[in-house]
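Undergrad: Before anything else, here's the structure in question.
Nothing in this text is a laboratory measurement; each read-out follows from the coordinates by a stated rule. Just so we're clear, the structure is a prediction, and the values are computed from it rather than from any experiment. Counting neighbours? That spans all protein chains shown, and the Cβs are built from the backbone with ideal geometry, glycine included.
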């Protein structure tokens, strides 16, 4: 016995006709008062047989040689009932022959009905003692009707069933194709770390998933329009698109109204009609021929990367199934965009670190050239001078030796200060406050620069050492800038709590000051990278930098430092 996934319409039709025949037979016998004249088991056998067939049809199960067995049993039970009725009731019902005839029509079409009718007519001829009666003509007439039903009706039924099976097969192929598209989506999006390739893959796989190849000869729907809009500053630009014109690709949107605003603000996908009338998307020429559009955000937590849009001229195109599929594509695309963004940030950070290292080497070379190198050269010249003076004026030579000794001590201090700023070991062993005090002391000894340190120790209690190191280098950069460029007599360094989980670092001097706007405007033409270093190191602690200065009024540098992720979000949202 074999079970099938779909029901056989022929089995259900046979069961239904069999019930109809049984009810007709029962009513016929009841009207003629012949039910009591028959052995009960003959009619019961027909009912039991149809109950068994109904159960098999309901379970989508078939016997081996199902059609032959069913027709044989129907013919046998009908014959048994006909013979019993003729012997005990004195006459047979004309409906008795209908059961095997229509079973033959259902299972074997024209020839099944014809042969079943002929066989039953011959049986009737012998049972009725070679008499040509009304029952025989009815049987042959039923055979003709059954043959016509088998010839045309069953072919139509079989064709209808084949259409359903083909439709189911296409649906399965489409589902398989969609699952394959989702698998390809996951594989493709996780295999690349390029923004452009991620966006192109998302749109291509979205198109393939919405229009799966079920029949190789079937033409695909080329009317689907799609695009990804990425946030660049305060604007939305087209990152990748399908069926956009060249002008559309250069379009700049703002996401301040219409569907884009709803999607970006609410973080939920939106299905709209008449997308061509949207106040912002209506500017896209490719969307003017579309009616329905499904727009979904590319968002993860607080990070919003942009929006993905699919549009089609058919208002009913975006069914629930297709929208769910696009939601999956959108979520996978966000993950891929995040990975690409992180990778791009790593690449940029690597390049920045290389630039910082290169700038550090250049700074070290400049400091060595401006300080110790010139001092050593001066000492060599003075030693040469002393050698000449030894013979003529020994006393002046001794004075000159004392000057060389002082110069050597000063050069040693400069070198030690440079080594300290390169790697302040005291920072690792005793913390930021001790390192700043040591730096201030070395600035006084080496350059006669007054640096006043005021650090609230409560700020440093839960601050990791890496962040303290970055703060130290921010202060060191700012103090050196004040010493070299501001001619400041004093530099004040203050680190204190500002708000809950936010610290404020201030470096203030009484130097000559400068025009901040003018310097920023022409900064790319300057050789110094002091302000760049301040900004980049502030970004390392996820802080905010503010520089306040004016000519003749000194300079004040403020760095707002978040001490937790929640404080960082609050700080940057307050800025926005």
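Undergrad: Need one number: nm distance between label points at residue 361 and residue 44, each 7 Å from Cα along Cα→Cβ, rounded to one decimal.
TA: About 10.5 nm separates the two model spin labels.
Undergrad: Label-point separation (nm) for residue 516 and residue 415, each offset 7 Å from Cα along Cα-to-Cβ?
TA: Rounded to a tenth, the inter-label distance reads 4.1 nm.
Undergrad: When Rg is the radius of gyration of the Cα atoms in the range 253-297 and Rh is its Kirkwood radius, what does Rg/Rh come to?
TA: 0.94
Undergrad: Please arrange 320, 196 by counting, for each residue, the other beta carbons lying within 10 Å of its beta carbon, fewest first.
TA: Listing 320, 196 from fewest to most nearby Cβ atoms yields 320, 196.
Undergrad: In terms of the ratio Rg/(2.2 N^0.38 Å) built on C-alpha atoms, what value belongs to the range 251-335?
TA: Here the answer is 1.04, to two decimals.
Undergrad: Also, quick follow-up: Using 0.36 nm times the number of residues separating residue 31 and residue 163, minus their current alpha carbon distance, what extension gain do you get?
TA: Once the chain is fully extended between residue 31 and residue 163, it gains 43.2 nm.
Undergrad: Calculate the tail of P(r) for the range 423-575: the fraction of all Cα-Cα distances greater than 29 Å, expressed in %.
TA: Cα-Cα pairs of the range 423-575 separated by over 29 Å account for 15 percent.
Undergrad: Set the Förster distance to 22 Å, then compute FRET efficiency between residue 342 and residue 569 from the Cβ-Cβ distance, nearest 0.05.
TA: In this case the efficiency is close to 0.75.
Undergrad: Additional query: Residue 323 label point, 7 Å along Cα→Cβ, cut-off 13 Å on backbone N: hits in the range 263-289?
TA: 268-273
Undergrad: If you don't mind, another one. Just to be sure I understand the model, the point goes 7 Å from the Cα along the line to the Cβ. What's the resulting residue 397 to residue 197 distance in nm?
TA: Label at residue 397, label at residue 197, 7.5 nm between them.
Undergrad: Using r as the Cβ-Cβ distance of residue 145 and residue 288, and R0 as 51 Å, what FRET efficiency do you calculate, to the nearest 0.05?
TA: That gives a FRET efficiency of 0.25.
Undergrad: Please find the FRET efficiency linking residue 548 to residue 221, where r is the Cβ-Cβ separation and R0 is fixed at 45 Å, and quote it to the nearest 0.05.
TA: The value I calculate is 0.15.
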